[in-house]
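K.L.:
So that we are looking at the same thing, I have put the structure below in structure tokens.
The values are calculated or read from the model by the stated rules, or taken from the named source; none is laboratory data. Keep in mind the model is a prediction, meaning the values are calculated, not measured. As a convention, Cβ positions derive from the backbone with ideal geometry for all residues, glycine included, and neighbour counts pool all protein chains shown.
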Amino acid sequence: MSDFTKFAAGLELCEARMGKLSAQEMANAMVHLDRLAPCFGKSSQEFRTWHFIPGTDKTEFDPVTQEQFAAYIAHKRDMLSAHPYVCDGAAKTREYEVSANGQVFGIYLAGSEQAARDMCAQDAGYKSESDMAIRLEKPSELVAELLK
């Protein structure tokens, strides 16, 4: 499955959950979609607002609003419509909830349980689940459960 196919599937999932996600979940979704399709239209940062941290010269993003998220999703949907050739459409994806020791780390759209666990490990900064296990020097405890 190409990253653009994952991108299109993720976009559909975001649209389906519009209005149900917290500000942080929307921010995470936007960053994840940007990673799947870098340089494909505007980045999520162009839809966000920010402010200076009082007493410093540093800035931080404001929480994502529903309007910002909807505008971002609409822009990415328009980009996909304008460039339909980027998706191969061949792979079937499903929703998996990935957890370890009863702690849920997220819901991932993937073609297999392994792909979902790999995506979760990548979100934690590793290359894959196996890379995580090697670097932590212990077996992975990630579990991917099919939701649909």
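K.L.:
Do you know which of the residues in the range 18-42 that are part of a loop (DSSP other than H, G, I, E, B) and over 13 Å from the mean Cα position of the chain (by Cα) is surrounded by the most Cβ atoms within 10 Å (Cβ to Cβ)?
P.N.:
Within the range 18-42, the match that is surrounded by the most Cβ atoms within 10 Å (Cβ to Cβ) is PHE40.
K.L.:
Another question about this same structure. Could you list, in sequence order, the residues of the range 17-58 that are touching a Ser or Thr at 6+ places or on another chain (Cβ under 7 Å) and either within 23 Å of ALA82 (Cα to Cα) or of a type in the set (S, T, N, Q) (or both)?
P.N.:
Selection gives MET30, VAL31, ASP34.
K.L.:
Then there is this: Select from the range 51-83 the residues that are basic (Lys, Arg) and not in a loop (DSSP other than H, G, I, E, B) and list them in ascending order.
P.N.:
Passing the criteria: LYS76, ARG77.
K.L.:
ALA110 versus (1) at pLDDT 90 or above; (2) surrounded by 17 or more Cβ atoms within 10 Å (Cβ to Cβ): which is the lone unmet condition?
P.N.:
Against the list (1) at pLDDT 90 or above; (2) surrounded by 17 or more Cβ atoms within 10 Å (Cβ to Cβ), ALA110 comes up short only on (1).
K.L.:
Here is a list: ALA115, ALA121. Which entry is at pLDDT below 85, buried (at least 20 other Cβ atoms within 10 Å of the Cβ) and part of a helix (DSSP H, G or I)?
P.N.:
Unique residue meeting the criteria: ALA115.
K.L.:
Something else: Between a first residue in the range 49-69 that is surrounded by 10 or more Cβ atoms within 10 Å (Cβ to Cβ) and a second residue that is of a type in the set (A, V, I, L, M), which pairs have beta carbons less than 6 Å apart while being 6 or more apart in sequence or on different chains?
P.N.:
PRO63/ALA23; VAL64/ALA23; VAL64/MET26; VAL64/ALA27; PHE69/MET26
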